[in-house]
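Remarks on the structure that follows.
Just so you know, all these numbers are worked out from the coordinates, no wet-lab data involved. The structure presented is a predicted model; accordingly, all values stated were derived computationally and were not measured. Note: ideal-geometry Cβ built from the backbone for every residue, glycine included; neighbour counts use all protein chains shown.
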């Protein structure tokens, strides 16, 4: 068993970090980003290995993590369905205990959040949630990092999410609460946050400004960022038509963005163009979606560096 010279931590949901720790990760990410722009790859962790255990398809998450680890001087292994993860081949406990003997960190993209929690419970190395049905914490951190880099601050800004109260919305609500931002969800009542999550959020962050409403125009008023996501996520394909009808009034188009001309438009991608967002918006002057995607790499370099002991 290897000896850790720092406190081993997992990152499964945004609230696994304090506001101070998020700010530290932002600072590391910004330092590494500046070096990257100057042509410097700061090889902090030569010989270290990141395992990517993915049950779901991925472009941005997979490539940004793999590239980040290479820039840090290490390497990565992509482990897909052929490894037998979360299957009848072997238990998650056996899989996690053995894998963590080979690698220094694990990023897991799973259909079930409970599976990632179980993997973390038995792993002797840090486990990162690279997306689950409950949370997408790396994306939320990268999104707030993007906003900070663009505006220069986060406290007291208003963040509007127009669409389903899904894993992305939950992650952003918590992250915004931790960093002092107001978060507003605009969605049909049936697709707003469930009571259990709201109770959790209230207990976690009693002073957080989190609001829900059905009016997207009111939600984006005074917003620094307007965010949306697909109306039917992976695993919800059977609900797609029902959701399309319910969310039709929540499409982010030029008319909606005209109510917040100073706001940036954000999307975690991939997008269904013409459904949750129009081409004119996602390709328009307010859009920062490509910068968001690029910042996944920078933020995750900061996160990996912090988790592996560069503090």
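Observations on the structure shown:
- Residue among 31, 16 that alone is under 19 Å from residue 148 (Cβ atoms), surrounded by fewer than 19 Cβ atoms within 10 Å (Cβ to Cβ) and under 22 Å from the mean Cα position of the chain (by Cα): 31
- Taking the criterion of being within 21 Å of the chain's Cα centre (by Cα) and surrounded by 19 or more Cβ atoms within 10 Å (Cβ to Cβ), the residues of the stretch 251-270 that qualify are 252, 263, 264, 265, 266, 267, 268.
- Residue check, residue 220 closer than 13 Å to residue 164 by Cα and surrounded by 15 or more Cβ atoms within 10 Å (Cβ to Cβ): no
- At least 2 residues being over 19 Å from the mean Cα position of the chain (by Cα) is the threshold, and among the strands (runs of 3 or more DSSP E) wholly inside the stretch 123-215 those reaching it are 210-213.
- Scan the stretch 281-296 for residues that are assigned to a helix (DSSP H, G or I) and over 12 Å from the mean Cα position of the chain (by Cα) and the total you get is 6.
- Within the stretch 259-280, the only residue that satisfies the criterion of being out of contact with any helix residue (DSSP H, G or I) (no Cβ under 6 Å at 6 or more places or on another chain) and assigned to a helix (DSSP H, G or I) is 279.
- A single entry from 309, 302 fulfils the requirement of being within 30 Å of residue 8 (Cα to Cα), touching a residue at least 12 places away in the same chain (Cβ under 8 Å) and crowded, with 22+ Cβ neighbours inside 10 Å: 302.
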